[in-house]
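First the structure, then my questions, so here it is.
The values are calculated or read from the model by the stated rules, or taken from the named source; none is laboratory data. If you're wondering where the values come from, they're calculated on a predicted model, not measured in any experiment. All Cβ positions, even for glycine, are placed from backbone atoms using ideal geometry, and neighbour counts span all protein chains on display.
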Amino acid sequence: MARVAQIGIAIGALGMMLTIMGLFPGVTGLEPTTGIGIVQIFVILIGFTLLILGALIYVKFTFYAFKKSTLSQQIGNRLALTGLVLAGLSALADILGFGSHGVIPAVEEETTIFLGRLQALAIIFSFFVASFGVAMYALMGDLNGRPPEKNDDDN
């Protein structure tokens with residue numbers, strides 16, 4: 001099970017790198033532009049999704065590999081995934097057509113994506129909800145139980 005936990009760490013590290021690249025595109029050597037684009041929003045969302053999923057995999061297979069999830073852990077798991085869905089909906093609100101700004105036509109065939117303050121606050125809040133769900137999953141489990149041991153007499 002240690003290998004699966006290591007895969008969780010790798011997924012989380014990849015997610016962190018993608019999130020940083022999405023938030024600060026100048027890190028990659030690209031010329032930063034004014035505003036935020038659709039690709040940048042998707043990279044941030046994919047990066048944070050990988051970060052949360054990697055954290056959930058790591059916690060599950062490091063601390064609770066052979067144990068059933070408690071009700072509190074299941075709530076934490078669902079809370080983490082709900083935070084990811086809310087972050088996606090908040091970030092893509094104008095693109096999907098239910099935001100307050102919609103897609104703003106800029107020049108002839110190009111469009112400008114507007115990410116407002118309320119959307120940014122909703123994204124940050126959703127990230128905190130997802131992180132709280134991972135922490136809840138990690139802290140609410142039963143650490144006293146032991147994993148099943150292999151006996152040679154159990155043939």
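With respect to the numbered conditions (1) within 30 Å of A65 (Cβ to Cβ); (2) modelled with pLDDT under 95, which one is the sole condition not fulfilled by F128?
Tallying (1) within 30 Å of A65 (Cβ to Cβ); (2) modelled with pLDDT under 95, F128 fails exactly one: (2).
Residue by residue through the range 11-40, note down the ones that are surrounded by fewer than 14 Cβ atoms within 10 Å (Cβ to Cβ) and under 16 Å from V59 (Cβ atoms).
Across the range 11-40, the qualifying residue is only A13.
Can you say whether I75 is modelled with pLDDT of 90 or more, closer than 30 Å to A93 by Cα and of a type in the set (V, I, T), as far as the supplied structure shows?
Yes.
Looking at the range 63-102 only, could you name the residues that are more than 17 Å from A122 (Cβ to Cβ) and either free of Cβ contacts under 8 Å to residues at least 24 places away in the same chain or in a helix (DSSP H, G or I) (or both)?
Across the range 63-102, the qualifying residues are F63, K68, L71, S72, Q73, Q74, I75, G76, N77, R78.
Determine which single condition A10 fails, assuming it passes every other condition in (1) modelled with pLDDT under 90; (2) among the hydrophobic types (A, V, I, L, M, F, W, C); (3) more than 20 Å from A91 (Cβ to Cβ).
The single condition A10 does not satisfy is (1).
Just name the residue that is farthest from V134 (Cα to Cα) out of those in the range 22-43 that are in a helix (DSSP H, G or I) and in contact (Cβ under 8 Å) with a residue 60 or more places away in the chain.
I38
Still on this structure, please answer the following. In this structure, does A106 turn out to be of a type outside the set (D, E) and either within 28 Å of R3 (Cβ to Cβ) or at pLDDT 75 or above (or both)?
Criteria not met by A106.
Mind counting the residues in the range 30-54 that are at pLDDT 90 or above and either touching a Leu at 6+ places or on another chain (Cβ under 8 Å) or aliphatic (A, V, I, L, M) (or both)?
Looking only at that region, the number is 12.
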